[in-house]
Ligand code: GDP
């Protein structure tokens, strides 16, 4: 699935940059092309891979290249006013060469959070290609304003994008680690998982042809259900032993080949279960998904067809909907069997529920409390003056 990634704001830009770095090293390069949009010049300057002409500055007359802070309403207003600047650049990249858009942003911030629903809406009006969004949810300890921003952005984004893949920064934190320390690891996970899904649809015609091809149309059909999506991943090390003629013959006569295949099939099923149940970009109840897609990547000799079929059946029996697609992505030199599970149309995501409940409380608090001078004045009125007992 040839994808045009548009990184919005700081997190979005950094992740788009990582997509490009990974793409150029991959066995199927040019599956991704990337653009970055920001109101902060310093964030754009910090990017490494994205060419200068694909770094778009917005809001310069309003915020003078300094960014919008955490004001996502301002981010959205600037996007509405200057959407033509972004659309112009996109049209120059040549949208006809792409199968889909992927807009990426941290939903808790200002620029990315504000721009993502606005740009998504306009892209859907102009183009037939599906517009997917990848939104980063703030970790719970990132503060109230981030929570409120994320909730507002998500509310506007869901009806304006074809599907929204969510990532929870909090899920990836190790004991005592700060969110910042985890960024590189989280970004790598996002790029790896999206990379496997998108490239699996591009391997046709390459040297190692997949046995069960994942067509781009299958990825699009899975995402067509819309709403919230999450992506799981798990892998297992494998040692691929090249068999000589004699051992091949022996395994045919002694039935060892069959046993070996059963072993491969059950390994695949176990990796798929781990990817689905435990290692999601945003934890959720996988059983509440409406559709799913399984992609198995690894050395062709390990990608047992029966294993993929069994895994597909297992997931089909366990999710709410009944459509599960599956296929493989051969990586002849890999020492791992990796599995990506894309769950689409998720209806039960406790992390989103907690975020929205918290955001409601924060919104009420913000509405009640007069901000700035008045607030300080009311606080001062409760304090005794100096020299009052003369
Ligand atoms: P913007 O520049 O105004 O759009 O704001 P940011 O992109 O910095 O958005 C803030 C949110 O994004 C917070 O929840 C941050 O924790 C998160 N964030 C910032 N940079 C990264 C990153 O590189 N990776 C991830 N996963 N999250 C990030």
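Screening residue 71 on (1) farther than 21 Å from residue 16 by Cα; (2) more than 16 Å from the ligand (Cβ to nearest atom) shows it passes everything except condition (2).
Number of residues in region 290-344 that are in contact with a strand residue (DSSP E or B) (Cβ under 7 Å, 6 or more places away or on another chain), assigned to a loop (DSSP other than H, G, I, E, B) and under 30 Å from residue 158 (Cα atoms) equals 3.
So which residues in region 298-311 are closer than 13 Å to residue 341 by Cβ and either crowded, with 24+ Cβ neighbours inside 10 Å or modelled with pLDDT of 95 or more (or both), if there are any at all? Once the filter is applied, which keeps residues that are closer than 13 Å to residue 341 by Cβ and either crowded, with 24+ Cβ neighbours inside 10 Å or modelled with pLDDT of 95 or more (or both), region 298-311 yields only 311.
Out of curiosity, is residue 110 in the same structural domain as residue 189 (by TED's automatic domain parsing), crowded, with 23+ Cβ neighbours inside 10 Å, within 11 Å of the ligand (Cβ to nearest atom) and within 26 Å of residue 329 (Cβ to Cβ)? No. Give 17, 22 a once-over and let me know the one that is modelled with pLDDT of 95 or more, within 16 Å of the ligand (Cβ to nearest atom) and closer than 24 Å to residue 108 by Cα. The conditions single out 17. Of the candidates 150, 105, 133, the single residue that is within 28 Å of residue 62 (Cα to Cα), more than 10 Å from the ligand (Cβ to nearest atom) and touching a residue at least 24 places away in the same chain (Cβ under 8 Å) is 133. Of all residues in region 154-185, those satisfying the criterion of being surrounded by 21 or more Cβ atoms within 10 Å (Cβ to Cβ) and near the ligand (Cβ under 10 Å from one of its atoms) are 167, 168, 169.
Listed by first and then second residue, the pairs with beta-carbon distance under 9 Å, at least 6 apart or on different chains, first residue in region 54-75 and over 12 Å from residue 111 (Cβ atoms), second assigned to a loop (DSSP other than H, G, I, E, B) and more than 10 Å from the ligand (Cβ to nearest atom), are 55/47. All told, residue 87 falls short of being farther than 16 Å from residue 106 by Cβ and within 13 Å of the ligand (Cβ to nearest atom).
Listed here are the residues, each with its yes/no results for (1) assigned to a helix (DSSP H, G or I); (2) assigned by TED's automatic domain parsing to the domain that holds residue 328; (3) under 22 Å from residue 2 (Cβ atoms).
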| residue | (1), (2), (3) |
| --- | --- |
| 128 | no, no, yes |
| 150 | yes, no, no |
| 170 | yes, no, no |
| 191 | yes, no, yes |
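Can you confirm whether region 36-59 contains a residue that is surrounded by 14 or more Cβ atoms within 10 Å (Cβ to Cβ), more than 15 Å from the ligand (Cβ to nearest atom), assigned to a helix (DSSP H, G or I) and modelled with pLDDT of 95 or more? Checked region 36-59: at least one residue is surrounded by 14 or more Cβ atoms within 10 Å (Cβ to Cβ), more than 15 Å from the ligand (Cβ to nearest atom), assigned to a helix (DSSP H, G or I) and modelled with pLDDT of 95 or more.
The values are calculated or read from the model by the stated rules, or taken from the named source; none is laboratory data. If you're wondering where the values come from, they're calculated on a predicted model, not measured in any experiment. Methodologically, a virtual Cβ is constructed for each residue, glycine included, from the backbone with ideal geometry; neighbour enumeration extends over all protein chains shown.
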